[in-house]
1. For Cα pairs less than 8 Å apart in space and 6+ apart in sequence, what is the mean separation divided by the residue count of the chain, i.e. the relative contact order in percent?
2. Angle, helix 150-162 long axis vs. longest principal axis of the chain, Cα atoms, 0 to 90°, nearest 10?
3. In the stretch 41-191, with Lys and Arg counted as +1 and Asp and Glu as -1 at Cβ, which of these residues, Leu84, Trp140, Ala61, has the Cα nearest the positive end of the dipole, that is, farthest along it?
4. For the stretch 150-321, what's the relative contact order in percent, using C-alpha pairs closer than 8 Å and at least 6 residues apart?
5. Round to the nearest 10 and give me the degree value, 0 to 90, for the angle of helix 329-340's Cα axis relative to the longest principal axis of the chain.
6. For the chain, what are the per-bin percents of Cα-Cα distances with bins 10 Å wide, up to the bin holding the maximum?
7. Using C-alpha positions alone, give me the convex hull volume of the stretch 55-106 per residue in cubic angstrom.
8. Which shape class applies to the stretch 207-253: rounded if a/c is under 1.5, otherwise prolate when a/b exceeds b/c and oblate if not, where a ≥ b ≥ c are the square roots of the Cα gyration tensor eigenvalues?
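The values are calculated or read from the model by the stated rules, or taken from the named source; none is laboratory data. The shown structure was predicted, so the numbers you read here are calculated from the model rather than taken from an experiment. Note that we place each Cβ from the backbone using ideal geometry, even for glycine, and neighbour counts take in every protein chain shown. Quick note on the areas: whole protein, heavy atoms, side chains included, nothing else; ligands and nucleic acids left out. Shrake-Rupley method; radii C 1.70, N 1.55, O 1.52, S 1.80 Å.
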Amino acid sequence: MAVRVGILGATGAVGQRLIQLLEPHPDFDIAALTASESSAGKSYREAAKWRADSPIPANVADITVGPTEPDAVPSDVDLLFSSLPSSVGAAVEPDFCEAGYVVSSNSSNARMAEDVPLVIPEVNADHIDLLEVQRDDRGWDGALVKNPNCSTITFVPTLAALAEFGLEKVHVATLQAVSGAGYDGVTSMEIIDNAIPHIGSEEEKLETESKKLLGEFDGASLQQNDVAVAASCNRIPTIDGHLENVWLEAADELTPEDAAKALEAYPSVDLPSSPDPLIHVFEDLERPQPRLDRNLGGGMAVSVGGIRESTFGLQYNCLAHNTIRGAAGASVLNGELLLENGYL
Ligand code: 11C
């Protein structure tokens, strides 16, 4: 029987992507939607400024949107996907966990908390059992699991694929699509003929989340990876798809040919939303490109190209769809991992 799920923050850009990815889904049925006070009480059709390129799924359009509080969600809902603004997530996600809900969250609050698993299933699925530590620490009947920032999700799978060569230093520069900034970024397009450096708190997120994701979990505590990561994050006028330039210094010899083989061979996982292959490798130095390649693997793949030697070790470019692989799809995949591991 399908698990009944809800979406916290259902009217936003990532909330809309979640609805697209969950209708239909082999394991999950949408049974509850929440949003801000101004949307509560309206049908989803009335409340959402629907911007997706497919119609609102018929069984979702007439659901009445509730306020984002535990009492408003039916108790037979087992899993909540959260795409709340981080300040709201920080305030309310613990209340839902205390009330017994399992929350798979894309919001950036609490990603680095010691007892909160930060998970990309193809990279560190074993970290999900940090939930046992979380339950002991917090006494929650529910649970909180996070997926990383969309720019982190784009380059960390490539580091995981190359980890066997000994990761020492990574420099990464991002070219991030406007959909990462939410509706205002997409609708205003005020960035045309421009680029914005040092956006938000993105650089710190790439530098810290990557070490947690690549860390070792021994069943009791998580030891962060000591790879040195320096990030420079820039907004450019593409709609969807974050492109990143990576320079990687490894302890062992790492030729472009070895790197391409390891990236291509890096496995996906046996969950419905994990694409196979996970990583597409282009020989063409001018790929991947956002418009051409963001939808590979249903938007869940990572693409790599331009692999070459540089003064600072190996250099390459990578790309992923920021609102699918980097946000909604990442939360759904973590929901699938929670189900697979008996947390629902
Ligand atoms: C952007 N990556 O493109 C951001 C948006 O930490 O989940 C998502 C912020 C986050 O601006």
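1. 17
2. 50
3. Ala61
4. Relative contact order comes out at 27 percent.
5. 70
6. 6, 27, 35, 23, 8, 1, 0
7. 97
8. In terms of gyration-tensor shape, oblate.
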